[in-house]
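These notes are about the structure you will find just below.
The values are calculated or read from the model by the stated rules, or taken from the named source; none is laboratory data. From a predicted model like this one, the values you see are computed outputs, not experimental measurements. Here Cβ is always computed from backbone atoms with ideal geometry, including for glycine, and neighbour counts include all displayed protein chains.
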Amino acid sequence: METVADLLLAREHDSTTALLFEDRRITWAEHVAESRRWAAYIEGMLDADAPRHIGVLLANVPEFSYLLGAAALGGFVLVGLNSTRSGPSIVDDARRTHCQLILTDSEHIHLVPNAVNIAGIELGDRVRGPVVDPAPQDLLMLVFTSGTSGEPKAVRCTHDKVVTPGTMLASRFQLGPSDTVYVSMPLFHSNAIMAGWAVALAAGANLALRRTFSASGFLPDVRRFGATYANYVGTPLSYVLATPPRPDDRNNPLRVVYGNEATPGAAAQFADRFAVTVVDGFGSSEGGISIARTPDTPPTALGPIPEGVNILDASGNVCAIAEFDDGRLTNEDAAVGELVNTAGRGMFCGYYDDEDADADRMRGGMYWSGDLAYQDADGFVYFAGRSTGWMRVGGENLASAPIERILLRHSGIHAASVYGVPACGPGDRVMAAIVIDDVDSVADVMEFLTRQPDLARRARPELIRICTELPRTATHKVLTRKLQRQRWNTSDPVWMSAEPTGPYRRLSELDRQGLEKSIGTDLRR
């Protein structure tokens, strides 16, 4: 079994293919040499008695790729820090993963005290540097994702966990040195690493990086770099489709676009508009379960249920097959359960330093995903939500509890429940139901949200429902599922913000109709 170090060293003398970034062209041979220099620098900074963990807070720049190579060759663990989180949250993520050092740049240096700006580092000429001989099961990277406790967890990514999908996808799509892999998804996310960076490395292809995703810049980049393959997670295809169509849209070098959780219909529209094969699937950073779409998969389904995966209730019993009446699920209580890998852990390598979370995922020798689902009579799986307060926004898991805590900082809010309601796709819109002293103070609540430094853009509620009380059980627990089912169809006032930082407005009947139309006959809820 190969490691990331093996794949890198196979490129050590490759001066034909390259890393492409803006107007720069860096051969793989130069990339390997630069990774060695970074490994040597980091080795000199490490405390031998502490975990060899290095936090990286960067956009998709060449240095991020060099540091991935340095981690593989130097035997340390790269911790991908999510730059969309607030500064205090990033510091806490680094602390919990025992980062000895955080490397960042001028764009992000203000977020983290005592971080090291890569612009001020002189690497010197030590090209050889340290080279270790890692095993496939050795830890390479930690990737953050949201968890059942409401706080992000660090998912363990071994060499094997990175190499396996990279090699598989390179082979599946017949990619080689003449191809260019375009990566605009953030490299702190597992999708960019396993479905982008590792694919280029395994194929010996060109790797084209963009700092951050741009819908308007996507096709110009594809043409400029000669990209034949691209990856995505979540809604980027829809954003590209929203750009004005051009008569030459189909005149581009792309052959394959691969990713997961595209908006229903977006994959087919994208494929038709840009004359490219789009392959959409379903998975998570943990890697315990992966579901691939097939040509006959219904538009709102994830794909056929894989061998060794089942949908179980809380007692471990197999759930009933879903029954429908005019497109609506009629036996939700019996049919909806948790997606479980009954064959084992799949590619799940555990969370870092969190035995309780590991035990929650692995129960009875099976991997419990935390994803609710049901399947129809033809064996196709439909996503039904998160079992433990998770939402899926922009292709990433998002926990509700931290948002509730932020809302409750406001002295006028007495109770709050945050949950996901259907978006136009597998993901969720963030909705909050709150109980406040005075409905006339709604404007103050909205303004309060804009002043919270630890409320990420994607975590800001798109919809806010003003309640006199929240539905509760006999033990005073909020019936969140009831709120989710009602969505915006309530006599309570509901306010909506159409943009992540935009103003809120009172939801009108026309707005309600538009929201319902946007999800159509969505069977996922």
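Things to note:
- Where strands (runs of 3 or more DSSP E) fall wholly inside the stretch 44-146, the ranges with 1 or more residues that are touching a Cys at 6+ places or on another chain (Cβ under 6 Å) are 53-57, 77-80, 139-146.
- The set of residues from the stretch 282-340 being surrounded by 15 or more Cβ atoms within 10 Å (Cβ to Cβ) and of a type in the set (S, T, N, Q) comprises Ser284, Ser285, Ser290, Thr297, Thr300, Asn310, Asn331.
- Among the numbered conditions (1) farther than 23 Å from Asp296 by Cα; (2) crowded, with 24+ Cβ neighbours inside 10 Å; (3) in contact (Cβ under 8 Å) with a residue 60 or more places away in the chain, the only one that Gly204 does not meet is (2).
- If you go through the stretch 174-186 and keep only what is modelled with pLDDT of 95 or more and either out of contact with any helix residue (DSSP H, G or I) (no Cβ under 8 Å at 6 or more places or on another chain) or closer than 27 Å to Pro152 by Cβ (or both), you end up with Gln174, Ser178, Val183, Ser184.
- Here Arg156 fits the description: out of contact with any helix residue (DSSP H, G or I) (no Cβ under 9 Å at 6 or more places or on another chain) and basic (Lys, Arg).
Residue-wise test of (1) in contact with a strand residue (DSSP E or B) (Cβ under 7 Å, 6 or more places away or on another chain); (2) at pLDDT 85 or above.
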{"position": "Tyr367", "(1), (2)": "yes, yes"}
{"position": "Leu372", "(1), (2)": "yes, no"}
{"position": "Gly389", "(1), (2)": "yes, no"}
{"position": "Ile403", "(1), (2)": "yes, no"}
{"position": "His410", "(1), (2)": "no, yes"}
{"position": "Ala416", "(1), (2)": "yes, yes"}
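- Identity of the residue in the stretch 450-475, modelled with pLDDT of 85 or more and touching a helix residue (DSSP H, G or I) at 6+ places or on another chain (Cβ under 8 Å), that ends up nearest to His410 (Cα to Cα): Gln452
- Checking each residue in the stretch 422-456 for being β-branched (Val, Ile, Thr) and not in a strand (DSSP E or B) picks out Val439, Val442, Val445, Thr450.
- Test: residue in the stretch 476-491 that is in a strand (DSSP E or B) and either among the basic types (Lys, Arg) or at pLDDT 85 or above (or both): no
- Subset of the stretch 425-468 [acidic (Asp, Glu) and buried (at least 20 other Cβ atoms within 10 Å of the Cβ)]: Asp428, Glu462
- Criterion (within 19 Å of Ile90 (Cβ to Cβ) and at pLDDT 95 or above) met by exactly one of Leu142, Leu201: Leu142
- Meets criteria (at pLDDT 80 or above, touching a Pro at 6+ places or on another chain (Cβ under 8 Å) and over 30 Å from Arg457 (Cα atoms)) for Val336: no
- Taken over the stretch 225-262, the residue count meeting the criterion of being surrounded by fewer than 20 Cβ atoms within 10 Å (Cβ to Cβ), in a loop (DSSP other than H, G, I, E, B) and of a type in the set (A, V, I, L, M, F, W, C) is 1.
- Residue, surrounded by the fewest Cβ atoms within 10 Å (Cβ to Cβ), within the stretch 50-66, restricted to residues that are of a type in the set (A, V, I, L, M) and in contact with a Ser or Thr (Cβ under 9 Å, 6 or more places away or on another chain): Ala59
- Out of Asn317, Asn331, sole residue that is modelled with pLDDT under 90 and either among the small types (Gly, Ala, Ser) or more than 23 Å from Glu286 (Cα to Cα) (or both): Asn331
Conditions tested, residue by residue: (1) in the same structural domain as Pro152 (by TED's automatic domain parsing); (2) of a type in the set (Ser, Thr, Tyr); (3) under 23 Å from Ala18 (Cβ atoms).
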{"residue": "Ser65", "(1), (2), (3)": "yes, yes, yes"}
{"residue": "Gly69", "(1), (2), (3)": "yes, no, yes"}
{"residue": "Leu78", "(1), (2), (3)": "yes, no, yes"}
{"residue": "Leu81", "(1), (2), (3)": "yes, no, no"}
{"residue": "Gly87", "(1), (2), (3)": "yes, no, no"}
{"residue": "Asp92", "(1), (2), (3)": "yes, no, no"}
{"residue": "Leu101", "(1), (2), (3)": "yes, no, no"}
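- Every residue from the stretch 76-92 that is among the small types (Gly, Ala, Ser), surrounded by fewer than 20 Cβ atoms within 10 Å (Cβ to Cβ) and out of contact with any Asp or Glu (no Cβ under 8 Å at 6 or more places or on another chain): Ser83, Gly87
- The residues listed here are Arg156, Arg95; of these, the one that is closer than 19 Å to Tyr351 by Cα, surrounded by fewer than 17 Cβ atoms within 10 Å (Cβ to Cβ) and modelled with pLDDT of 95 or more is Arg95.
- Any chance Val222 is part of a helix (DSSP H, G or I), buried (at least 16 other Cβ atoms within 10 Å of the Cβ) and not aromatic (Phe, Trp, Tyr): yes
- Among all residues of the stretch 455-467, there is at least one that is touching a residue at least 40 places away in the same chain (Cβ under 8 Å), assigned by TED's automatic domain parsing to the domain that holds His414, in contact with a Lys or Arg (Cβ under 8 Å, 6 or more places away or on another chain) and among the small types (Gly, Ala, Ser).
One line per residue, one yes/no per condition, for (1) buried (at least 22 other Cβ atoms within 10 Å of the Cβ); (2) touching a residue at least 40 places away in the same chain (Cβ under 8 Å); (3) not assigned by TED's automatic domain parsing to the domain that holds Arg156:
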position	(1), (2), (3)
Glu12	no, no, no
Thr16	no, yes, no
His31	yes, no, no
Ala48	no, no, no
